[in-house]
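Reviewing the structure listed below.
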Amino acid sequence: MNNFQQKRKVAFVTGATSGLGLAIANQLANEGYIVYGGGRRQPRESTGANFTYVSIDVTSDTSVLRAKDFILSREDRLDLLVLAAGYGVSGSIEETPMEEAKAQFEVNFFGVARTVQAMLPVMRAKGGGKIIVFGSVAGKIGMPFQGYYSASKFALEGFVESIRYEVSPFGIDVCVVEPGDFKTGFTDARKKIAPENSPYREKMLTVLGIQERDETHGVDPAVAARRIVALAASRKFPIRISVGPLFERFAIWARRFLPDALFEVFYRMNYKL
Ligand SMILES: NC(=O)c1ccc[n+]([C@@H]2O[C@H](COP(=O)([O-])OP(=O)(O)OC[C@H]3O[C@@H](n4cnc5c(N)ncnc54)[C@H](OP(=O)(O)O)[C@@H]3O)[C@@H](O)[C@H]2O)c1
């Protein structure tokens, strides 16, 4: 390995086969990082993926450890871990089967926890690193008919707040990113639970229509990628940042400062509830 290669930072991005993770992995590679990007499927050639693909299913201990071993067979450290693997389940709280609710947490929450557990020893051994976890606006505001998705993202907020105290003595920074709507594969990958005879069906389909319209008119993932790459290079590493449409960033702000009842009125109006 020559001096130049030694100085290049090593990044691992999960969820790099589509959407936000793909854009971030590509942008990191363009900025000179050595990038490993993971997912269950290989990124299609048309995506222009310019990083090393790593097969990973974040719901499996064996798969996550195999991904770690693959990276460590080629690199002696990990400077940046971006955890973007995730998907959404939509449906009423009452009608979403428990196995779907658990599967949601298995990817969005335990998938992050499992990958962090596997990679932290590598970062600690080399004296530090940065971890960026993908939360959501839905992790700050409970979304109608996305209760289990919201809950999985709320859980990540607490996870990140807690872990920061534990790992900062080892030179490791952690941040949760809260995206608003971005135009990615997320909408097509969403699992929808709306039984024909459901008493929730009509309202759910109205709300889902609004949510999916906002997603398909969402921001280009390249915008988030630039922000994340700048964050990775920054010495200031906040607990959380929000990215995406101004209105949604405003909603996070409003959720924090408005009384609960007033915020609920505002959100009901937005979703015609
Ligand atoms: N798009 C938005 O508007 C939005 C808003 C807020 C938050 N987010 C969050 O941003 C993150 C990225 O989402 P996106 O919008 O980029 O969606 P996306 O285009 O559907 O990408 C999701 C990625 O997650 C990976 N993934 C899903 N299940 C996995 C598993 N079991 N193991 C490994 N990888 C898995 C997928 O890869 P494979 O299918 O190849 O496994 C894919 O690369 C998610 O955490 C999402 O919740 C997105």
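Summing Lys, Arg as +1 and Asp, Glu as -1, what charge do residues with Cβ under 15 Å from the Cβ of Phe182 carry, Phe182 excluded? Around Phe182, the charge tally is -1.
For a 25 Å ceiling on Cα separation, which of these pairs sit above it: Lys7/Lys130; Lys9/Lys236; Lys102/Lys153; Lys102/Lys130; Lys192/Lys272? The partial results should precede the final answer.
Working: Lys7/Lys130 16 Å; Lys9/Lys236 18 Å; Lys102/Lys153 13 Å; Lys102/Lys130 28 Å; Lys192/Lys272 19 Å.
Over 25 Å Cα-Cα: Lys102/Lys130.
Pairs of Cα atoms in segment 1-102 fall into 10 Å distance bins, from 0 up to the last occupied one, in shares of 15, 42, 27, 12, 4, 1 percent. If only the Cβ of Lys and Arg carry +1 and only the Cβ of Asp and Glu carry -1, the dipole of the chain around its Cα centre is close to 820 debye. Here the gap between Asp61 and Glu166, fully extended at 0.36 nm per residue and compared with their Cα-Cα distance, gives a gain of 35.6 nm.
Cross-link reach is defined here as a Cα-Cα straight distance under 13 Å, omitting same-chain residues fewer than 8 places apart; for Lys126 the aspartates and glutamates meeting it are Glu75, Asp76, Asp79.
Placing pseudo-labels 7 Å out from each Cα toward the beta carbon at Arg44 and Phe257 gives an inter-label distance of 4.3 nm.
For the options Gly171, Gly111, Gly180, a Gaussian network treatment of the chain with springs between C-alpha atoms closer than 10 Å singles out Gly171 as fluctuating the most. The convex hull defined by the C-alpha atoms of the chain has an orientation-averaged projected area of 14.9 nm².
Using alpha carbons only, how many angstrom separate the centre of segment 254-273 from the centre of segment 117-139? First find each Cα centre; the distance between them is then 33 Å. GNM on the chain, C-alpha springs below 10 Å: top fluctuator among Ser60, Ser136, Ser152? Per the Cα network of the chain with a 10 Å cutoff, Ser60 tops the list.
When +1 charges are put on Lys and Arg Cβ atoms and -1 charges on Asp and Glu Cβ atoms, the dipole computed for segment 146-273 relative to its Cα centre reaches about 180 debye.
What helices does the chain have that are whole DSSP H segments, at least 27 Å long along their own axis by Cα, and with mean Kyte-Doolittle hydropathy of -0.5 or more?
TM-like helix candidates: 147-167.
Available extension along the chain between Thr206 and Arg124 is 24.7 nm, counting 0.36 nm per residue and deducting the alpha carbon span.
Can you give the FRET efficiency to the nearest 0.05 for Lys102 and Ala194, using r as the Cβ-Cβ distance and R₀ = 22 Å? All intermediate terms of the calculation are to be shown ahead of the outcome.
On the way: r = 20 Å, r/R0 = 0.89.
Using R0 = 22 Å, I get an efficiency of 0.65.
Bear in mind these aren't lab numbers, they're just calculated from the coordinates by the rules spelled out. Predicted model only: the values in this text are computed from it and were never measured. Please note: Cβ atoms are built from the backbone with ideal geometry, for glycine as well, and neighbour counts cover all protein chains shown.
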